[in-house]
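The values are calculated or read from the model by the stated rules, or taken from the named source; none is laboratory data. Keep in mind the model is a prediction, meaning the values are calculated, not measured. No Cβ is skipped: glycine too gets one built from the backbone with ideal geometry, and neighbour counts run over all protein chains shown.
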Ligand SMILES: [Zn+2]
């Protein structure tokens, strides 16, 4: 039996409040706070069990995926410190050990407690490279987290990256730290493509091949990164309409149950956020993420939340 609440690794320390609303195209550094606030005030508040006392990762942990020079640049405002495309602030750099800390804590908890679906409300990771940031991403948190978990427990991860953009940081780090090939094996960074029906069937194919690896004990836990920018009203995205986007969460959640039944063992699951950009209506981004969480909560954890959230089209906004 799964625990009914999604264990959520969230602290205000993982949020950058400084300069994001006014100066940044990407609102992602602020997104965890906006999302958690919104859920707390909604009828879905009981969906989450929030844990706020997880540890940040250390400075040395960043070296798992990055050169010392780049890490120093980010923290000291030197060289390519703005390669992430975000306004630099003390608040931003202080939040970074906690964003990766959130994903690491969620992954560790899920691996050790497979009956608990875990949630790391994080974005801004999957475009970073060993020696630079890219596309609103500063550090490769998913690489760091997966390698730490692998080194500690031997557990191997697959990423289901449904963001609207390819998660290059995993592939770009394979040479820099070959341990990554053990922590997230070649071919296990899934990034479906296509439009609507073809996207969904590509994702279903991905899930089928991943299920085989799980049955063979080659993959031990999965991270579902349901970026909102793969939905077609997004400012930077557009693979699917809302119906198909939400369907992906439903397909994923049912698949988790099927794989767990087939293996007679609960599959450890970590949920995360990744991208999402709507200048006209940021609430639509938050609502998409909540819709995805509701599907997972209802199908995997056995709840009955009623999803009444609306995602307006861009042209319908006055
Ligand atoms: Zn994206």
Q) Exactly one of (1) more than 21 Å from residue 256 (Cα to Cα); (2) modelled with pLDDT of 95 or more; (3) within 16 Å of the ligand (Cβ to nearest atom) is unmet by residue 152. Its number? A) (3)
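Looking at segment 277-284, is at least one residue closer than 30 Å to residue 211 by Cβ and either under 22 Å from the mean Cα position of the chain (by Cα) or loosely packed, with under 14 Cβ neighbours inside 10 Å (or both)?
Restricting attention to segment 277-284, the residues satisfying the condition of being closer than 30 Å to residue 211 by Cβ are none.
Taking every residue of segment 277-284 in turn, none turns out to be closer than 30 Å to residue 211 by Cβ and either under 22 Å from the mean Cα position of the chain (by Cα) or loosely packed, with under 14 Cβ neighbours inside 10 Å (or both).
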Q: Within segment 28-41, identify whether any single residue is more than 22 Å from residue 284 (Cβ to Cβ), outside any helix (DSSP H, G or I) and modelled with pLDDT under 95, and answer yes or no.
A: no
Q: Can you confirm whether segment 267-288 contains a residue that is farther than 20 Å from residue 314 by Cβ, outside any helix (DSSP H, G or I) and out of contact with any helix residue (DSSP H, G or I) (no Cβ under 9 Å at 6 or more places or on another chain)?
A: no
Q: Using the structure shown, decide if residue 294 is in contact with a helix residue (DSSP H, G or I) (Cβ under 6 Å, 6 or more places away or on another chain) and modelled with pLDDT of 95 or more.
A: no
**Q.** Within segment 115-138, considering residues that are more than 16 Å from the ligand (Cβ to nearest atom) and farther than 30 Å from residue 261 by Cβ, the one farthest from the chain's Cα centre (by Cα)
**A.** 131
Q. Could we say that residue 26 is surrounded by fewer than 20 Cβ atoms within 10 Å (Cβ to Cβ), touching a residue at least 60 places away in the same chain (Cβ under 8 Å) and touching a helix residue (DSSP H, G or I) at 6+ places or on another chain (Cβ under 9 Å) here?
A. no
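Within segment 56-73, does at least one residue satisfy the condition of being crowded, with 17+ Cβ neighbours inside 10 Å and farther than 19 Å from residue 129 by Cα?
Checked segment 56-73: at least one residue is crowded, with 17+ Cβ neighbours inside 10 Å and farther than 19 Å from residue 129 by Cα.
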Q) Which of the residues that make up segment 165-181 are surrounded by fewer than 21 Cβ atoms within 10 Å (Cβ to Cβ) and either under 24 Å from residue 235 (Cβ atoms) or touching a helix residue (DSSP H, G or I) at 6+ places or on another chain (Cβ under 6 Å) (or both)? A) 165, 166, 168, 174, 179
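Let's see how each residue does on (1) farther than 24 Å from residue 294 by Cα; (2) away from the ligand (no atom under 14 Å from the Cβ):
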site	(1), (2)
187	yes, yes
195	no, yes
199	no, yes
203	no, yes
208	no, yes
219	yes, yes
226	no, no
239	no, no
243	no, yes
Q: Could you check, for segment 84-101, whether at least one of its residues is without any contact (Cβ under 8 Å) to a residue 40 or more places away in the chain, more than 16 Å from the ligand (Cβ to nearest atom), farther than 23 Å from residue 146 by Cβ and part of a loop (DSSP other than H, G, I, E, B)?
A: yes
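Quick test for you: out of 288, 293, 273, 266, pick the one residue that is farther than 20 Å from residue 29 by Cα and surrounded by 15 or more Cβ atoms within 10 Å (Cβ to Cβ).
Values: 288 fails: farther than 20 Å from residue 29 by Cα; 293 fails: farther than 20 Å from residue 29 by Cα; 273 fails: farther than 20 Å from residue 29 by Cα.
Within the list 288, 293, 273, 266, the selection yields 266.
Let's see how each residue does on (1) modelled with pLDDT of 95 or more; (2) within 19 Å of residue 269 (Cβ to Cβ); (3) out of contact with any helix residue (DSSP H, G or I) (no Cβ under 8 Å at 6 or more places or on another chain):
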{"position": "63", "(1), (2), (3)": "yes, no, no"}
{"position": "69", "(1), (2), (3)": "yes, no, yes"}
{"position": "91", "(1), (2), (3)": "no, no, yes"}
{"position": "95", "(1), (2), (3)": "yes, no, no"}
{"position": "98", "(1), (2), (3)": "yes, no, no"}
{"position": "120", "(1), (2), (3)": "yes, yes, no"}
{"position": "128", "(1), (2), (3)": "yes, no, no"}
Q) Taking residue 160 and the conditions (1) closer than 20 Å to residue 230 by Cβ; (2) touching a strand residue (DSSP E or B) at 6+ places or on another chain (Cβ under 8 Å); (3) in a helix (DSSP H, G or I), which numbered condition does it fall short on, given that it satisfies the others? A) (3)
